[in-house]
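One structure is given below, encoded as structure tokens.
The values are calculated or read from the model by the stated rules, or taken from the named source; none is laboratory data. Computed from a predicted structure; not experimentally measured. Cβ: placed from backbone, ideal geometry, glycine included. Neighbour counts: every protein chain shown.
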């Protein structure tokens, strides 16, 4: 369950950033999880909510956004939404396609006080 270790890392990162800015409270954080990132968003969010107690994120509003996976066909050059890493181009059937989005996992924004 690597989602737990990712949740710990997000807390550490947010806490370090808050400390840098001498913030006493983290009001809100926004996290982006790509559909093909390998992170189960619901499990990650549950893990994060379990371990924020007694941290700066204990009362923080956590916004989690799942980003769709996008592909680019190397054959006919169209862009399309992907459901799996191995999706072929829906127009020409070309394979492999280049993944152009949906692999990200990042802390996008943070509001502190």
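Please find, within segment 59-82, the residue that is nearest to the chain's Cα centre (by Cα) out of those that are closer than 25 Å to residue 31 by Cα and surrounded by fewer than 12 Cβ atoms within 10 Å (Cβ to Cβ).
Filtering first and then ranking leaves 65.
Given (1) under 20 Å from residue 3 (Cα atoms); (2) surrounded by fewer than 12 Cβ atoms within 10 Å (Cβ to Cβ); (3) modelled with pLDDT under 95; (4) touching a strand residue (DSSP E or B) at 6+ places or on another chain (Cβ under 7 Å), identify the lone condition not met by residue 56.
Only one criterion is unmet by residue 56, namely (2).
Quick one: in segment 36-62, of everything that is assigned to a loop (DSSP other than H, G, I, E, B) and touching a helix residue (DSSP H, G or I) at 6+ places or on another chain (Cβ under 9 Å), which residue is nearest to residue 100 (Cα to Cα)?
Here the residue is 38.
Does segment 4-16 contain any residue that is part of a loop (DSSP other than H, G, I, E, B) and over 14 Å from the mean Cα position of the chain (by Cα)?
So far as segment 4-16 goes, no, none of its residues is part of a loop (DSSP other than H, G, I, E, B) and over 14 Å from the mean Cα position of the chain (by Cα).
For segment 91-105, which positions are touching a strand residue (DSSP E or B) at 6+ places or on another chain (Cβ under 6 Å) and surrounded by fewer than 14 Cβ atoms within 10 Å (Cβ to Cβ)?
Scanning segment 91-105 gives 98, 100.
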